Structures are given as structure tokens and as C-alpha cells.
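Peer 1: This is the structure, below, for whatever I ask next.
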Amino acid sequence: MGDTVHLESLSWKAIEELQSSGVSMLILPLGATEQHGPHLPINTDTVIASRICAYASAATQIPVLPPISFTVSTGHTTKWPGTFSLRHETLIQVLGDIVDWTVATGWNRLLIVNSHFGNDASLRVAVDKLRLRHLGKLQIAGLNTFTLSPEIWDEFTKDAEDLHANKSETDLMLHLAPETVRMDMVEDDPDRTTDTIFSYPVAQTSKNGITGKPSEGNAEDGERLFRKMGDRLAELVTQAKTETPPLDSKFWNNLSPINI
């Protein structure tokens, strides 16, 4: 495994040389700035997204962009300090602007790697809009770190399906940034959404901003889960480097982009 390729650390000349060597793809980490219970820092999702993407970049030599740290965290409400949120429409617009510049500056593949549940809906809308806006010029996908494989999803939901700041996230942070974790402040809180029909903000389902059993967290499980996630993302990045549409371009090359 080589070194992570951080695009922000390169000059324009180095980036031009990188593109001339045949590299045409980027990875964009999508995190959040929001409360994560009394024991985890508010940058938890950003740390996880950034480090997983850095791992995959080191394995594949595909450049990684700086993370987007302010995203859609409205579901956490204002009950606990530390949450900062964009509107859904704002995140969609931000992703659109970044992608427009991605295409304009010579890149034709982009993987957006998200580590926050609250971003999922906006990310899916953004990808749907942008694949049509740049039809034939850009291949784009949105991936969630917690659903990279069924096995990884099972790891995340062992203690809570509506998880937040639970064992798996605590495991990861104890491995990635242990100095920011306050296990002396940890509190468990059960998943109260199992039999609900409606969707509720966290303030209506959790007493302390947690859903799950973070008290069971440990760095060893975190390292094991991190490597599983990083290896899986690296596999997907490797596939995405050369993947083409299932149908040959002769079937669709007369289609026009749709700016929605």
C-alpha cells in the first residue's frame, strides 16, 4: 500500500501531470458536524469518512478531496449543543457546484463516500441530478460507509438499527482518534424506533443523543472494522476506475444532458 494522494496537497502542475498519467477519478468524503452523545466528538462522521477514504486512496492511488464537514444534521435538532446543519437543498447545491468544477477541470469519475445517515437522501437526489446534468461526461456514485457490504451493515447494527454514537462508531473512534473519546462519560440508550411507523428526530427517540451500547466499545473491534471497511472501499474504487455503462455508447450517445 502506498501513501494517500491528498489532492489539496498538490500544485496545479502536479495535478496536471497526474491527469496526464491517466488518473481521471476522485474520491470525496462526506461527513458531518453534529452531537455524538456525551462521549464522542462532533467531528466523528467526518473523521470516519476521511480516514476510510484516505485508506482507499493509499491502496488505489486515486486522489481524495478535502471532506465536506458541514452537511445535513437537522434530525438532531437543537436539543444538544454542537450540531451545525445545512439545509437539504443547500447540500445538494454544494455537491452540484463541486461536481460542475470536477468536470470542468478534467475529471470524469467521482465517488462520494458518506458516513452520516442524515446525508443519504440529499446525496441520492444530488447523484440523480448530476448523472443527468453531466451525461456522457461523468460517472458518479454515492456510497455509505456503513453499507459498503451486508457484513459491515451487520456490524453497525448489532446493538441498534437506528444507530447513533453506538458501539461501532465508538469502536472506530477509539481506533482512529482515541484522544477525542471520553469513555468516562459514556451512556447507553436503547433503540426506541423498532416498531414505529413515522420518522422521528433524535430528540424524540433518544435521551442523550445516543442510540445503542457505546459502553461496549473497544479499539480492537474498531481496528478490525476499519480495515474491513477500508478494504471493501478500495475494492469498489478499483472497480470504478474502469467500469463503463452496461450498454455500448452506440445505444445512447445521441442523448442530451438534462440540467435539473
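The values are calculated or read from the model by the stated rules, or taken from the named source; none is laboratory data. Since the structure is predicted, the reported quantities are computational estimates derived from the model, not experimental observations. Here the Cβ positions follow ideal geometry from the backbone for every residue, glycine too, while neighbour counts run over all protein chains shown. For accessibility, only protein heavy atoms count, side chains too; no ligands or nucleic acids. Shrake-Rupley method; radii C 1.70, N 1.55, O 1.52, S 1.80 Å.
Peer 1: Provide the solvent-accessible area of Val5, counting protein heavy atoms only and rolling a 1.4 Å probe, rounded to the nearest 10 Å².
Peer 2: 20
Peer 1: Please list the non-local residues whose amide H lies under 5 Å from the amide H of His164, H modeled 1.01 Å from N, same-chain partners needing a gap of 5 or more.
Peer 2: The list, which skips near neighbours in sequence, is Thr211.
Peer 1: Another question, then. Keeping all protein chains in place, calculate the accessible area per residue for the chain (probe 1.4 angstrom), answer in Å².
Peer 2: Value returned for the chain: 50 Å² of accessible area per residue.
Peer 1: Work out the length of the dipole vector of the stretch 26-138 about its Cα centre, built from +1 on the beta-carbon of each Lys and Arg and -1 on the beta-carbon of each Asp and Glu, and round it to the nearest 20 debye.
Peer 2: Computed about the Cα centre, the dipole is about 220 debye.
Peer 1: Within the set Lys79/Lys129; Lys167/Lys228; Lys158/Lys207; Lys158/Lys228; Lys167/Lys207, which residue pairs have Cα atoms separated by over 22 Å?
Peer 2: Lys79/Lys129
Peer 1: Give the Rg (one decimal place) followed by the Dmax (whole number) of the stretch 9-126, computed from C-alpha coordinates and expressed in Å.
Peer 2: In Å, with Rg to one decimal and Dmax whole: 15.4, 50.
Peer 1: How large, in percent, is the carbon and sulfur part of the accessible surface of the chain at a probe radius of 1.4 Å?
Peer 2: Exposed carbon and sulfur together represent 54 percent of the surface.
Peer 1: Ranked by accessible surface with a 1.4 Å probe, highest first, in what order do Met185, Met173, Met1 come?
Peer 2: Order by accessible area, largest first: Met1, Met185, Met173.
Peer 1: May I ask which residue of Val181, Ile197, Ala165 lies farthest towards the positive end of the charge dipole of the stretch 152-198, with charges of +1 (Lys, Arg) and -1 (Asp, Glu) on Cβ and the Cα centre as origin?
Peer 2: In the stretch 152-198, that residue is Val181.
Peer 1: Restricting to bridges with both residues inside the chain, how much of the DSSP beta-bridge set is antiparallel, in percent to the nearest 5?
Peer 2: Rounded to the nearest five, the antiparallel share is 20 percent.
Peer 1: While we're on this one: Using only Cα atoms, locate the centre of the stretch 23-94 and the centre of the stretch 185-255, then give the distance between them in Å, rounded to an integer.
Peer 2: A separation of 12 Å, based on Cα centres.
Peer 1: Right, something else. Rounded to the nearest angstrom and ordered from largest down, what semi-axes does the equivalent ellipsoid of the stretch 155-260 get from its C-alpha gyration tensor (root of 5λ)?
Peer 2: 38, 22, 11
Peer 1: Further, regarding this structure: Keeping all protein chains in the complex and leaving out DNA, RNA and ligands, what accessible area do you get for His175 with a 1.4 Å probe, in Å² to the nearest 10?
Peer 2: Looks like 50 Å² after rounding.
Peer 1: Under the definition of Cα pairs under 8 Å and six or more residues apart, what whole-number percent is the relative contact order of the stretch 1-131?
Peer 2: Value for the stretch 1-131: 32 percent.
Peer 1: Okay, next question. Hey, if we sort Trp80, Trp252, Trp12 by accessible area with the 1.4 Å probe, largest down, what's the order?
Peer 2: Ranking Trp80, Trp252, Trp12 by accessible area, largest first, yields Trp12, Trp252, Trp80.
Peer 1: As a test of the formula, what do you get for the chain when each DSSP H run with n ≥ 4 contributes -39,500 (n - 2.57) and the sum is divided by the residue count, at 222 nm and rounded to the nearest 500 deg cm²/dmol?
Peer 2: Value at 222 nm, helices only: -12000 deg cm²/dmol.
Peer 1: Let me ask something else about it. Taking Cα extents along the principal axes in Å as the quantity of interest, determine which of [x] 49, 47, 33; [y] 56, 40, 31; [z] 50, 39, 35 was computed from the displayed structure.
Peer 2: Correct label is [y].
Peer 1: Give me the percent relative contact order of the chain, please, defined on Cα pairs under 8 angstrom at least 6 residues apart.
Peer 2: Once divided by the residue count of the chain, the mean separation gives 23 percent.
Peer 1: Could you pull the Rg and Dmax for the stretch 99-230, using just the Cα atoms, both in Å?
Peer 2: So, for the stretch 99-230, Rg and Dmax equal 17.6, 53 Å respectively.
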